[in-house]
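Participant: Mind looking over this structure? Questions follow.
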Amino acid sequence: MPFGLTHKQLKALDPCEEEFRAVTKVLGGPRKWNGKLITAQQARDAGVSFDNIVWAASSVARSDKQVERRLRHWMADCAARVLHIFEKECPGDDRPRKAIEAARLYADGKIGVAAWDAAGDAEEAWQFDRLCEWLSDTPPEPLALPAIQKQAA
């Protein structure tokens, strides 16, 4: 079932006034939107920014476990889509793949907070290793991110 928000529900999330006015205008104003659920896809099709849609979903996820689960799966899917770039650059490092798997398991309630925290600790250790490489006298290995930026250019 698609998730949607009414004008009143979005306003209750306390968005910044400028963005709220912009979204309301894009969606035809409060009267046209009045009481009608607008899904993320409908908002995107109307021209609402991706940032605003993600902000709204994240805000709702704080109090709606189903939306939180779906948002966590979406974030894991985003990471999985570019995982091949990282694995090409660092073929022996399976930490990102394990983190994506842990994110999905946590979203589904199949691992607890302790296991989720351990996955986060592993990711932080990886970031620290990269920082140490960057600060050392020897040049670090190229990161996957510049490869993504080159492809986008």
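Participant: Considering each residue of the stretch 20-64, count those that are under 11 Å from His7 (Cα atoms), surrounded by fewer than 17 Cβ atoms within 10 Å (Cβ to Cβ) and in contact with a strand residue (DSSP E or B) (Cβ under 6 Å, 6 or more places away or on another chain), and give that number.
Facilitator: 1
Participant: Further question on the same structure: Is it the case, given these coordinates, that Ile100 is modelled with pLDDT of 75 or more, outside any helix (DSSP H, G or I) and in contact with a Leu (Cβ under 8 Å, 6 or more places away or on another chain)? Spell out how you get there, then give the answer.
Facilitator: Details: modelled with pLDDT of 75 or more: yes; outside any helix (DSSP H, G or I): no; in contact with a Leu (Cβ under 8 Å, 6 or more places away or on another chain): yes.
Here the answer is no, as Ile100 does not meet what is asked.
Participant: Any residue in the stretch 68-76 that is touching a residue at least 12 places away in the same chain (Cβ under 8 Å), of a type in the set (Lys, Arg), in contact with a helix residue (DSSP H, G or I) (Cβ under 7 Å, 6 or more places away or on another chain) and in a helix (DSSP H, G or I)?
Facilitator: yes
The values are calculated or read from the model by the stated rules, or taken from the named source; none is laboratory data. These numbers were taken from a predicted model, which means no experiment stands behind them. For neighbour counting, all protein chains shown are included, and Cβ atoms are generated from backbone atoms with ideal geometry for every residue, glycine included.
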